[in-house]
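Take a look at the structure set out below.
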Amino acid sequence: MSDIIRRDPRAEWIARNRLHPLHAAMQPAQHSWMGPNGVIRKNPHGIGFIGPNGIKRIDRSGAQQGGASKRSAAVEVQLPLHQVPAPAFYINVVPDMVGGRLSSHDRDLLGLAHQLAGKDGAVLAVVFGEHKENAFATAGVDRLLVLDGEEFNGYAPEQRVQGLRAVDNQFSPRHWLLPDSRSGGGELGRRFAAALGERPATRVWQVKDQECIGRAGAGLQDLARPVARLILAAVECAEPVSETRHEALPVELSTAVARSLSRIEDLGAVAVDPAAIPMAESEFIFSGGNGVKDWGLFHRTAEALGATEGASRVAVDDGFMARDRQVGASGTWVTARVYVAVGISGAIQHLQGIGACDKVVAINLDPGCDMIKRADLSVIGESAEILQALIDAVEAYRNEAKRDAA
Ligand SMILES: Cc1cc2nc3c(=O)[nH]c(=O)nc-3n(C[C@H](O)[C@H](O)[C@H](O)COP(=O)(O)OP(=O)(O)OC[C@H]3O[C@@H](n4cnc5c(N)ncnc54)[C@H](O)[C@@H]3O)c2cc1C
């Protein structure tokens, strides 16, 4: 494992928050103490850390207030278990599960659901089809209902509405929450509302004091109304659950789901040119900066990976990439599930633009740069070598898949 120290903003926040259940575990190791003659002694070696190039660095990870012990504590200490043995009512959430996993939007929704559930209610997540998620418990799911018939696969909004109606009949939830997103929740939620004959609250960004506030008037106005039963919520409608662990107990439907008339035929996914996808909508962005020395190789790698290309401002200003490819405060704010930053230092203006990305991969020569601190996965080295190795790996993988299929 790399010995690069990364910032963990959540751990730092917990260390500051005396009311957090993990606060005690996050407390720093002692760096000063009273000596035998009453003089306060300090351990000068305990401050900062030695970087990979042997130079002592100021610790921005917060580790100097707790060192390695703090991070291992975060791993070892279990969050308190929140149990609802006999739920007084349910708050149902239908996450989008883009790519089979909870997205950050889904997690915001689960946070909002817990706000509405309080102590007595249970949050029930309704998931369609197969999924790859194993963190339902820490995302705040008390009960999990998986509707996995093949009739729900692909684009099947009518059949999914039938499924939700069956869940509604059995659990009579106090509220239904769906993400107001283009990935499915926005459409499914509106169809479901029409099927129930209820008026949903849409584009909701806050629920407070028995009122929900949603964007209206082409996004220029806020509309406040009493909390609706069916809420289609926007990104960041609430803080995701982070302080408790939940049971995620599986539950089942007691009745079969009615089959809808198949008025919609799903002809499958259509291959699109990743370069033609607007960056703000792309799920996978491959972005280049001043550290890219061979732009031909960069374009070939993006093509091999099937990613949408992005760039830092320096790469744009130097004429290597078009202006509409600039990511950041003065470019496009992106929400990709995977963002690969090649030779980008991680200036604050660039990091602002990728704040909503799920996973960030950094390829950089400098292990101490801010992009590496932000990244979930880092590759330290010369960009050209790494890009070539990526192309080789993709080709080898595809050839193997072709051989297996033959
Ligand atoms: C008002 C304002 C708005 C701005 N808006 C934006 C914005 O929207 N978007 C934006 O991106 N910037 C913006 N900037 C600019 C921003 O401050 C940075 O200057 C810019 O992001 C730096 O781009 P960079 O990381 O590509 O280049 P650099 O800062 O030069 O970083 C290059 C990186 O590449 C690495 N590297 C070098 N050689 C190699 C190699 N061979 N292999 C691997 N890695 C290598 C280096 O270690 C370094 O980390 C803005 C600035 C201002 C003042």
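The table below lists the values:
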read-out: Matching option when the condition is under 23 Å from HIS105 (Cβ atoms), surrounded by fewer than 22 Cβ atoms within 10 Å (Cβ to Cβ) and in contact (Cβ under 8 Å) with a residue 60 or more places away in the chain, among ALA356, ALA304, ALA329; value: ALA356
read-out: Index of the failed condition, LEU253 passing every other in (1) part of a loop (DSSP other than H, G, I, E, B); (2) buried (at least 17 other Cβ atoms within 10 Å of the Cβ); value: (2)
read-out: Any hit, segment 190-203, residues being surrounded by fewer than 17 Cβ atoms within 10 Å (Cβ to Cβ), in a loop (DSSP other than H, G, I, E, B) and in contact with a helix residue (DSSP H, G or I) (Cβ under 8 Å, 6 or more places away or on another chain); value: yes
read-out: Top-ranked residue of segment 332-350 - restricted to ones that are aliphatic (A, V, I, L, M) and farther than 24 Å from ALA275 by Cβ, ranked as surrounded by the most Cβ atoms within 10 Å (Cβ to Cβ); value: ALA347
read-out: Hits in segment 254-298 (condition: more than 17 Å from VAL340 (Cβ to Cβ) and among the β-branched types (Val, Ile, Thr)); value: THR255, VAL257, ILE264, VAL270, VAL272
read-out: Tally of residues being near the ligand (Cβ under 8 Å from one of its atoms) and modelled with pLDDT under 95 across segment 350-365; value: 2
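The values are calculated or read from the model by the stated rules, or taken from the named source; none is laboratory data. Please read these numbers as outputs of a predicted model, since none were measured by experiment. Neighbour counts run over all protein chains shown; Cβ positions are idealised from the backbone, glycine included.
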